[in-house]
Amino acid sequence: LQAYERRFPTCPLIPMFVASDTVNEYKSEDEAIHVIERRCKLDIDAPRLLKKIAGVDYVYFVQKNSLNRRERTLHIEAYNETFSNRVIINEHCSYTVHPDNEDWTCFEQSASLDIKSFFGFESTVEKIAMKQYTSNIKKGKEIIEYYLKQLEEEGITFVPRWTPPVASKSESSTSHPRRPVSPAINIPESATKEGLNNKEILNTSSSPSEPTAGTPDDKLDADYIKRYLGDLTPMQESCLIRLRQWLQETHKGKIPKDEHILRFLRARDFNIDKAREILCQSLTWRKQHQVDYILDTWNPPQVLQDYYAGGWHHHDKDGRPLYVLRLGQMDTKGLVRALGEEALLRYVLSINEEGLRRCEENTKVFGRPISSWTCLVDLEGLNMRHLWRPGVKALLRIIEVVEANYPETLGRLLILRAPRVFPVLWTLVSPFIDDNTRKKFLIYAGNDYQGPGGLLDYIDKEIIPDFLGGECMCEVPEGGLVPKSLYRTAEELENEDIKLWTETIYQSASVFKGAPHEVLIQIVDASSVITWDFDVCKGDIVFNIFHSKRAPQPPKKDSLGAHSITSPGGNNVQLIDKVWQLGRDYSMVESPLICKEGESVQGSHVTRWPGFYILQWKFHSMPACATTNLPRVDDVLASLQVSSHKCKVMYYTEVIGSEDFRGSMTSLESSHSGFSQLSAATTSSSQSHSSSMISR
């Protein structure tokens, strides 16, 4: 510990560690507890361009050291203060005495990185963070040995163990090597939270809530499966591993947790191809609409908080989180008229995201895998008003989105006090509900839920809501009619809907055989940087970058008449005139990049000349066999998988002016992005390719 403390306030062996200041310190009266909080100033080894865009030269971290001399433990916690709303970095270190040998010190370390957004350079920041962290780990042992040697040179080779200030003679003369028993002492709340409880935090962080690095690629640990995934047959385990490996190969970076992958496999009866398709579509959807951050960045309108009669209420007998919805008391027409369809959809998404969080929490609490929740729907009060056509349309849309992106999250649906009008509603919505989901529905008419096989079979008596005859007060809003003064016009709602779902910076485009999608970028100053980030949602494409001194004709949207296909949710723009010749009218500035379905690609290009640059996504045709004009069987089968020769991409491009990075043209790097926050561990990104540093 004395060697460690010599690293402060600054350490010449760590060039990036510029300075540190003590901002808070606490010592217990007997000096057994010492908690010190420092604010550290770091000079991160990052590209000059990135620092300039971010507007900072240094970043600040807060480090908290909690020493317990009585228990002989030291816990270190560090987190970033700079850009904490964009990047979240947490690190925990633990020094403890080995239980079998008091002369040995055990060291544990864990860290997490969550990049929400960083000016379009998320992948670059991830690489810098991983590089810096790896470097610090390698150098840690060297630094502590340096200061230990320094102490030895000063004649300090032994530090006496802490003893209580007041001890009886019998206690002081005993020769037992046993560690002293800790008497009760009063410790401030901050010291308790940040100091003593860190042991529990560290133990939790080392639990196998995610596949560990030591887990074999071809087999999962049996205890891990039982604790976090549930019963899996060897075939199901193999499907999970194969799909996870495919994601690791095609999406270098963050991948979903095993629990999330497993939901999609179960939804498709462990058919890997079908599960992979819907999983990739869902992960792309999450990225496009920023669903990962909806709980942190979106606040429901007050109308929803007052009149949406739904909320979380304890858990059922199986430990599943319980969601209560008083649909019969809810004014669906009023909510749709006051808020619009999109706001309701977003609110339901936030409920599902909260459900995922609660499942993870209950898994830890109950010590067994809990991957779904129970929904209790009370239909008392349901009438023909609830069958208002726009309201039913909104309900069907919500069901469609939830079915596609939250499969196997509904463990059981209890429908209570179903009135006579319910069969009409059921006839309308049941075709949109998956067969596996429908099997989980239990419907009770009148007061049938109070008899045998009713509510008590699934929910403990102590938590049955008061409005169902139970004794537990339920804090779910009672609903009621939405005042007409809160209604908005169709035009206002339409504009609001557009605002809600156009917050994404990404655009969608369709790519057809013979009809590529092209984006025009005009460059005034040479040495500017064109950056891009795109996902291949469907099919295989070829990505090209061209330069032309003259401007193409105004963009024309392809009517796609030759294909007899409409393009909902994605446009198709062609810029390069059919009469233009490559090498004469325009030139290729990067080697073509073939991108497979499901891949996520980021890259950048440093422009050499002013003029017009064209980014092109082109349909990728399978090459025929070299020895014959006939296509191979594999090629034919592969071509049949691309429906109507259509591909789809979701992309974002940005230009950084030369004045923002002069002298740093080689500083930009790009890499493969992670899919989403539903991810297990952050891994180092793959190396970048080509002169423009395209990477996959």
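The values are calculated or read from the model by the stated rules, or taken from the named source; none is laboratory data. Note that the structure is a prediction, hence the values are computed from the model and not measured. Here Cβ is always computed from backbone atoms with ideal geometry, including for glycine, and neighbour counts include all displayed protein chains. Surface areas here come from the heavy atoms of the whole protein model, side chains and all, with no ligands, DNA or RNA. Shrake-Rupley method; radii C 1.70, N 1.55, O 1.52, S 1.80 Å.
Tabulated results
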read-out: Conditions (1) crowded, with 19+ Cβ neighbours inside 10 Å; (2) under 19 Å from the mean Cα position of the chain (by Cα); (3) at pLDDT 90 or above: number failed by residue 283; value: (3)
read-out: Verdict on residue 81 being closer than 30 Å to residue 292 by Cβ, charged (D, E, K, R) and touching a Phe, Trp or Tyr at 6+ places or on another chain (Cβ under 6 Å); value: yes
read-out: Residue list for region 418-440, filter: in contact (Cβ under 8 Å) with a residue 40 or more places away in the chain and among the aliphatic types (A, V, I, L, M); value: 425, 428
read-out: Test set (1) open to solvent by 10 Å² or more (accessible area, probe 1.4 Å); (2) modelled with pLDDT of 90 or more; (3) farther than 30 Å from residue 278 by Cβ; (4) of a type in the set (A, V, I, L, M, F, W, C) - residue 526 fails condition number; value: (2)
read-out: Verdict on residue 385 being closer than 25 Å to residue 264 by Cβ, of a type in the set (Lys, Arg) and touching a helix residue (DSSP H, G or I) at 6+ places or on another chain (Cβ under 7 Å); value: no
read-out: Test for residue 297: is it among the polar types (S, T, N, Q), surrounded by fewer than 21 Cβ atoms within 10 Å (Cβ to Cβ) and under 26 Å from residue 265 (Cα atoms); value: no
read-out: Answer residue from region 604-624, given it is in contact with a Leu (Cβ under 8 Å, 6 or more places away or on another chain) and at pLDDT below 90 and is least open to solvent (accessible area, probe 1.4 Å) among those; value: 604
read-out: Residue within region 41-64 that is assigned to a strand (DSSP E or B) and under 22 Å from residue 160 (Cβ atoms) present; value: no
read-out: Subset tally (residues that are within 30 Å of residue 246 (Cβ to Cβ) and either free of Cβ contacts under 8 Å to residues at least 40 places away in the same chain or open to solvent by 60 Å² or more (accessible area, probe 1.4 Å) (or both)) for region 570-599; value: 5
read-out: Selection count where residues are open to solvent by 50 Å² or more (accessible area, probe 1.4 Å), more than 17 Å from residue 81 (Cα to Cα) and touching a strand residue (DSSP E or B) at 6+ places or on another chain (Cβ under 7 Å), scope region 8-45; value: 5
read-out: Selection within region 441-468 - without any contact (Cβ under 8 Å) to a residue 12 or more places away in the chain and surrounded by 14 or more Cβ atoms within 10 Å (Cβ to Cβ); value: 448, 454, 456, 464
read-out: Hits in region 469-482 (condition: touching a residue at least 12 places away in the same chain (Cβ under 8 Å) and at negative phi); value: 472, 474, 475, 476, 477, 478, 481, 482
read-out: Close pairs from region 283-307: first farther than 21 Å from residue 261 by Cβ, partner β-branched (Val, Ile, Thr) and part of a helix (DSSP H, G or I), Cβ under 9 Å, at least 6 apart; value: 290/297
read-out: Residue count, region 1-40 (criterion: within 25 Å of residue 165 (Cα to Cα) and of a type in the set (Val, Ile, Thr)); value: 3
read-out: Which listed residue, of 385, 412, is at pLDDT below 90, not hydroxyl-bearing (Ser, Thr, Tyr) and not in a loop (DSSP other than H, G, I, E, B); value: 385
read-out: Criterion (buried (at least 18 other Cβ atoms within 10 Å of the Cβ), touching a Ser or Thr at 6+ places or on another chain (Cβ under 9 Å) and modelled with pLDDT under 85) met by exactly one of 67, 74, 49, 113; value: 49
read-out: Criterion (exposed (fewer than 15 other Cβ atoms within 10 Å of the Cβ), within 36 Å of the chain's Cα centre (by Cα), more than 28 Å from residue 318 (Cα to Cα) and assigned by the TED database to the domain that holds residue 323) met by exactly one of 438, 420, 389; value: 389
read-out: Options 344, 327; residue that is in contact with a helix residue (DSSP H, G or I) (Cβ under 9 Å, 6 or more places away or on another chain) and closer than 30 Å to residue 462 by Cα; value: 327
read-out: Filtered residues of region 577-587 (kept if outside any loop (DSSP other than H, G, I, E, B) and either over 18 Å from residue 551 (Cβ atoms) or hydroxyl-bearing (Ser, Thr, Tyr) (or both)); value: 586, 587
read-out: Residue check for residue 83: of a type outside the set (Asp, Glu), open to solvent by less than 30 Å² (accessible area, probe 1.4 Å) and modelled with pLDDT under 85; value: no
read-out: Which numbered condition residue 274 fails, given (1) surrounded by fewer than 18 Cβ atoms within 10 Å (Cβ to Cβ); (2) touching a residue at least 24 places away in the same chain (Cβ under 8 Å); value: (2)
read-out: Pair list, Cβ < 7 Å and 6+ apart or interchain, from region 1-18 residues that are over 25 Å from residue 73 (Cβ atoms) and of a type outside the set (D, E, K, R) to residues that are modelled with pLDDT under 80 and open to solvent by 70 Å² or more (accessible area, probe 1.4 Å); value: 16/45
